[in-house]
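The values are calculated or read from the model by the stated rules, or taken from the named source; none is laboratory data. What you see is a predicted model; the values in this text were computed from it and never measured. In this analysis, Cβ positions are derived from the backbone assuming ideal geometry, glycine residues included, and neighbour counts consider all displayed protein chains. Just so you know, the surface numbers come from the protein's heavy atoms only, side chains and all, with ligands and any DNA or RNA stripped out. Shrake-Rupley method; radii C 1.70, N 1.55, O 1.52, S 1.80 Å.
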Amino acid sequence: PAYAKENSYYLQKVALAEPPKFSVAADLNDRVSVFRGDITTLEVGAIVNAANASLMGGGGVDGAIHRAAGRELKAECATLNGCATGDAKMTGGHRLPAERVLHTVGPIGEHADKLESCYATCLGLARDAGARSIAFPCISTGVYGYPNKKAAVVAVATVRGFLDRHPDAFDRVIFCLFLSVDVEIYSQLLPIYFPLG
Ligand code: AR6
């Protein structure tokens, strides 16, 4: 996908222990936030679904989204011919409060380039569709087994890279966290990637 490449800089450059140096330091903090809870409750421009290649539903956040959105979502997904790992496809939100759903397929296991591509592709598609806000679950960290902290680094670094290049693309990018382990990890990472200045 076209959006993935431009963010690679941050992934190579940034080591966990070492705070990165950004050209834009302080003015993006108000664009990101953390929400702890169920992503299906969020009234945003787009929520992201951690789907599988069939796009026909499953467990975890995928199951929750399909239950909340209703059978019309599954009917729309059935027209999309599935989705490759690292790519994303968009549908309406149907009965969700969110306007759209970006269905992305995370890697099974630790494949940073594919996970980065999920985040970057969703951001690009949501922006192109006119969404002003987008909420991400912790893609691949459940059933697909990506280690939580390594996945969070990819997530936060990719969002940081995208917002550096497109600072006005979104009013808000939300990391929707479901587990306390992720709350702990993101509360450590976000001040590093989005320093207060
Ligand atoms: N809102 C927000 N986050 C949630 C919710 C929710 N309602 N429910 C679970 N999570 P997973 P994956 C968190 O397993 O690893 C499915 O069967 C969860 O705690 O949903 O990408 C698909 O069909 C975890 O932090 O997604 C695929 O087959 C995160 O969402 C496969 O699982 C992701 O966990 C995808 O696996």
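I'd like the residue in segment 164-179 that is under 22 Å from residue 43 (Cβ atoms), of a type outside the set (A, V, I, L, M) and not in a loop (DSSP other than H, G, I, E, B) and, out of all such residues, is farthest from the ligand (Cβ to nearest atom). So the residue we want is 172.
Quick one: which residue in 161, 124, 130 is of a type outside the set (A, V, I, L, M, F, W, C), surrounded by 24 or more Cβ atoms within 10 Å (Cβ to Cβ), away from the ligand (no atom under 16 Å from the Cβ) and touching a residue at least 24 places away in the same chain (Cβ under 8 Å)?
Values: 124 fails: surrounded by 24 or more Cβ atoms within 10 Å (Cβ to Cβ); 130 fails: surrounded by 24 or more Cβ atoms within 10 Å (Cβ to Cβ).
Within the list 161, 124, 130, the selection yields 161.
Would you mind stating whether residue 44 is touching a strand residue (DSSP E or B) at 6+ places or on another chain (Cβ under 6 Å), within 8 Å of the ligand (Cβ to nearest atom) and either assigned to a helix (DSSP H, G or I) or open to solvent by 10 Å² or more (accessible area, probe 1.4 Å) (or both)? Walk me through it before giving the result.
Values: touching a strand residue (DSSP E or B) at 6+ places or on another chain (Cβ under 6 Å): yes; within 8 Å of the ligand (Cβ to nearest atom): no; either assigned to a helix (DSSP H, G or I) or open to solvent by 10 Å² or more (accessible area, probe 1.4 Å) (or both): yes.
Judged against the criteria, residue 44 is not a match.
Can you work out which of the residues in segment 108-146 that are part of a helix (DSSP H, G or I) and aliphatic (A, V, I, L, M) is farthest from residue 183 (Cα to Cα)?
It comes out as 125.
How about segment 133-158: which of its residues are of a type outside the set (Ser, Thr, Tyr) and surrounded by fewer than 21 Cβ atoms within 10 Å (Cβ to Cβ)? Write out each step before concluding.
Filtering segment 133-158 for residues of a type outside the set (Ser, Thr, Tyr) gives 134-139, 142-143, 145, 147-157.
Of everything in segment 133-158, those that are of a type outside the set (Ser, Thr, Tyr) and surrounded by fewer than 21 Cβ atoms within 10 Å (Cβ to Cβ) turn out to be 142, 143, 145, 147, 148, 149, 150.
Any chance you could count how many residues in segment 47-57 are touching a residue at least 24 places away in the same chain (Cβ under 8 Å) and either crowded, with 16+ Cβ neighbours inside 10 Å or part of a helix (DSSP H, G or I) (or both)?
Filtering segment 47-57 down to residues touching a residue at least 24 places away in the same chain (Cβ under 8 Å) leaves 47-55.
Narrowing the set further to residues that are either crowded, with 16+ Cβ neighbours inside 10 Å or part of a helix (DSSP H, G or I) (or both) leaves 47-52, 55.
Going through segment 47-57 one residue at a time, the tally reaches 7.
The residues of segment 164-173 that are open to solvent by less than 40 Å² (accessible area, probe 1.4 Å) and touching a Ser or Thr at 6+ places or on another chain (Cβ under 8 Å), listed by number, are 164, 170, 173.
Given the structure, is residue 116 in contact with a Gly (Cβ under 7 Å, 6 or more places away or on another chain), buried (at least 17 other Cβ atoms within 10 Å of the Cβ) and of a type in the set (Asp, Glu)?
Values: in contact with a Gly (Cβ under 7 Å, 6 or more places away or on another chain): no; buried (at least 17 other Cβ atoms within 10 Å of the Cβ): yes; of a type in the set (Asp, Glu): yes.
Criteria not met by residue 116.
Hey, any hits in segment 65-76 for a residue that's under 24 Å from residue 171 (Cβ atoms), modelled with pLDDT under 95, within 14 Å of the ligand (Cβ to nearest atom) and outside any strand (DSSP E or B)?
Applying the first criterion (under 24 Å from residue 171 (Cβ atoms)) to segment 65-76 yields 65, 68-69.
Subset that is modelled with pLDDT under 95: none.
No, segment 65-76 contains no residue that is under 24 Å from residue 171 (Cβ atoms), modelled with pLDDT under 95, within 14 Å of the ligand (Cβ to nearest atom) and outside any strand (DSSP E or B).
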